[in-house]
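The values are calculated or read from the model by the stated rules, or taken from the named source; none is laboratory data. From a predicted model like this one, the values you see are computed outputs, not experimental measurements. Cβ placement follows ideal geometry from the backbone for every residue including glycine, while neighbour counts extend to all protein chains displayed. For the accessible areas, the whole protein counts, side chains as well, though only heavy atoms, and no ligand, DNA or RNA atoms are used. Shrake-Rupley method; radii C 1.70, N 1.55, O 1.52, S 1.80 Å.
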Amino acid sequence: MNARTSGLAVVATAALVWALAAGYNHAQQAGGPSAGTRVGVVDLVRVFNEFEQTKALNAEMERYKLRVAEEKQAKEEKLEVERNTLQGFAPDSAEYAQRMRALKKMMIDYKAWVAVERENMTGEHRAWIERTYAAVMEGIAAVARHNGIQVVVTREELETSVPETETLLKQILNRKVVYADPELDLTDAVLVTLNDLFAKKGGAKSIKFGQ
């Protein structure tokens, strides 16, 4: 994306947000939602980070990775034992050939196990991300309806501590909302709704990963 295109994108986004906010203000002044569109904002990054389900999932994933790492080490140690045992036989002996076939089979099984575990972890992680996203969207919709909000726009805090100027510039250009009245921010209410629902479903005990 060149500088001109980036500028147009920012202007277009700003114009959209301004128009929606203008509609909201007009509705407030007119005394009813029918006079315009009511707009709310949500910090999605904060919602995902502070959602208790996300925290529980990350903790469960770390435990799963630890179990896999321990099993992986055990398998590698068995392979090393077989390699060392093989050295005790003459290369041209029948015992050596038999042990070599067994070792190769163990190596094939080990590589297949690693590939399957990696695929399982990636697939299960993706599935949980999709479930979490769906829950967040439902939570936002519930809070929006409760507050008579017709449109919710995502907002992000600017991370000024990044060392790369290019990264900072991308953050600036990709922001959807540069200002919103705090009264329009639904983030806290969404987090309360999501975390209450997660607790009712069993909390961390409801998270199963790699089982």
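At-a-glance table
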| read-out | value |
| --- | --- |
| Nearby aspartates and glutamates by direct alpha-carbon distance to Lys65 (threshold 14 angstrom, same-chain neighbours under 8 apart not counted) | Glu117, Glu119, Glu124 |
| Per-pair calculated FRET efficiency, R0 = 30 Å: Arg145 and Tyr179 via Cβ, rounded to 0.05 | 0.75 |
| Average accessible surface area per residue within segment 35-157, 1.4 Å rolling probe, Å² | 63 |
| For segment 68-211: lysine pairs under 15 Å (alpha-carbon distance), excluding those fewer than 8 apart on one chain | 7 |
| Ordering of 123-131, 51-59 by burial proxy (mean other Cβ atoms within 10 Å per residue, highest first) | 51-59, 123-131 |
| Using distinct alpha-carbon pairs, which all enter the 1/r mean, Kirkwood radius of segment 73-151 in Å | 16.9 |
| Point-to-point label distance, Ala134-Asp109, nm (Cα→Cβ direction, 7 Å offset) | 3.7 |
